[in-house]
Amino acid sequence: MPRAVVIGGSGHVGTYLVPRLVAAGYEVVNLTRGQRAPYRPHAAWAKVRTVTVDREAEDAAGTFGARVAALEPDVVIDKICFTPQSARQIVEALKGKVRHFLHTGTIWVHGHSLWTPSSESDPRAPFGAYGTQKSEIEDYLIDQALREGFPATVVRPGHIVGPGWPPLNPAGNFNTDVFATIARGERLTLPNFGLETVHHVHADDVAEVFMLALARPAASIGEAFNAVSPGALTLRGYAEGMYAWFGHEPDLDFRPFEAWKEGQADRDAAQTLEHISRSPSHSIAKAASMLGYAPRYTSLAAARESVAWLVGEGTVPAGRA
């Protein structure tokens, strides 16, 4: 039985990925900080070996890569690598010891897109520590695959949504009051003209990309793949779709960002700026053609499933849906 080590397997995507791996016949070892359970229960977790580890501390001590290698994995899926130094440490420890290494990247490696939808081969202009470091990691891993034969694949999720956590909302931040406003049929004010974009993906669709890459190593090693829904949403389109889902006619107002942010909490305004300044919109043509990726969820359907969970939790009123 092949062994898959998932680093950070109890998170958003791991909640769906780990049961898929078990069903596919893998012996799964989940490395986790042990601070939370998966977002959804599944019988497959009874077959998973969980190892508690503080990656940040072990990276600093230079021991994390060796710890992973000592588990003798056939496959490693790294969900929580955020610095080039961390990536180099684990790659050096695993060279010649694994048949496939899959890294969770991000669509934020693109920064400002020059045209949309952006493909994996388009020019990148990342900004901010997260996007910049993830871009450096991606370049390093692909270089290692092409020059050194290290079996790396990069999967780039969009804004991950699913039941169990609040989704990115139509104002481009994570304040659930935005959905409550829509659910009540009240007026929602959006920045600018509401034409900036966000690109969601259901966590289970991201898990599917990982599984497809594992099943097609000849096609996936040395490659990066966008893992998003079939199409991005404008903020306005997202809001109008949610109003309709709650049984209301849209009631939207628009203000220039600098005026809009005056009525927002600092954290919400900062999150919105982070998202609208990138306005991601990405193509899945490469994953579709090379891996057979066919996402089950549109952006709106994926977000609605998350909001349905918020309604069930009592965080958002039910409206007239």
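The values are calculated or read from the model by the stated rules, or taken from the named source; none is laboratory data. Quick caveat, the model's predicted, so the values are computed rather than measured. Here the Cβ positions follow ideal geometry from the backbone for every residue, glycine too, while neighbour counts run over all protein chains shown.
For region 150-187, how many residues are over 24 Å from the mean Cα position of the chain (by Cα) and either surrounded by fewer than 22 Cβ atoms within 10 Å (Cβ to Cβ) or not assigned by TED's automatic domain parsing to the domain that holds GLY241 (or both)?
5
Among the residues of region 236-266, write down those that are hydrophobic (A, V, I, L, M, F, W, C), under 14 Å from ALA171 (Cβ atoms) and surrounded by 14 or more Cβ atoms within 10 Å (Cβ to Cβ).
ALA239, MET242, LEU252, PHE254, PHE257, TRP260
Across region 45-73, what is the number of residues that are touching a strand residue (DSSP E or B) at 6+ places or on another chain (Cβ under 8 Å) and either of a type outside the set (D, E, K, R) or within 24 Å of ALA203 (Cβ to Cβ) (or both)?
Result for region 45-73: 11.
Just to be sure, is GLY312 over 20 Å from the mean Cα position of the chain (by Cα) and either among the polar types (S, T, N, Q) or modelled with pLDDT of 95 or more (or both)?
The answer is yes for GLY312.
Taking region 136-181 on its own, how many of its residues are within 24 Å of ASP122 (Cα to Cα) and among the polar types (S, T, N, Q)?
Here the count works out to 2.
Scan region 63-114 residue by residue and report those that are in a strand (DSSP E or B) and not aromatic (Phe, Trp, Tyr).
Correct list: VAL75, VAL76, ILE77, ASP78, HIS100, LEU102, HIS103, THR104, GLY111.
Test ARG124 against the criterion of being in the same structural domain as ALA60 (by TED's automatic domain parsing), free of Cβ contacts under 8 Å to residues at least 12 places away in the same chain and not aromatic (Phe, Trp, Tyr), and give yes or no.
no
Take GLY111 and decide whether it is surrounded by fewer than 17 Cβ atoms within 10 Å (Cβ to Cβ) and over 18 Å from VAL6 (Cα atoms).
Spelling it out, it is not the case that GLY111 is surrounded by fewer than 17 Cβ atoms within 10 Å (Cβ to Cβ) and over 18 Å from VAL6 (Cα atoms).
Can you pull out every residue in region 28-49 that is assigned to a strand (DSSP E or B) and either in contact with a helix residue (DSSP H, G or I) (Cβ under 8 Å, 6 or more places away or on another chain) or surrounded by fewer than 14 Cβ atoms within 10 Å (Cβ to Cβ) (or both)?
VAL28, ASN30, LEU31, ARG49
When you look at ARG216, is it within 25 Å of VAL155 (Cβ to Cβ) and of a type in the set (Lys, Arg), yes or no?
It is true that ARG216 is within 25 Å of VAL155 (Cβ to Cβ) and of a type in the set (Lys, Arg).
In this structure, does PHE127 turn out to be of a type outside the set (Lys, Arg), over 17 Å from the mean Cα position of the chain (by Cα) and closer than 16 Å to HIS275 by Cα?
Answer is yes for this residue.
Could you list, in sequence order, the residues of region 70-94 that are within 12 Å of ILE7 (Cα to Cα) and in contact with a Lys or Arg (Cβ under 6 Å, 6 or more places away or on another chain)?
Correct list: PRO73 only.
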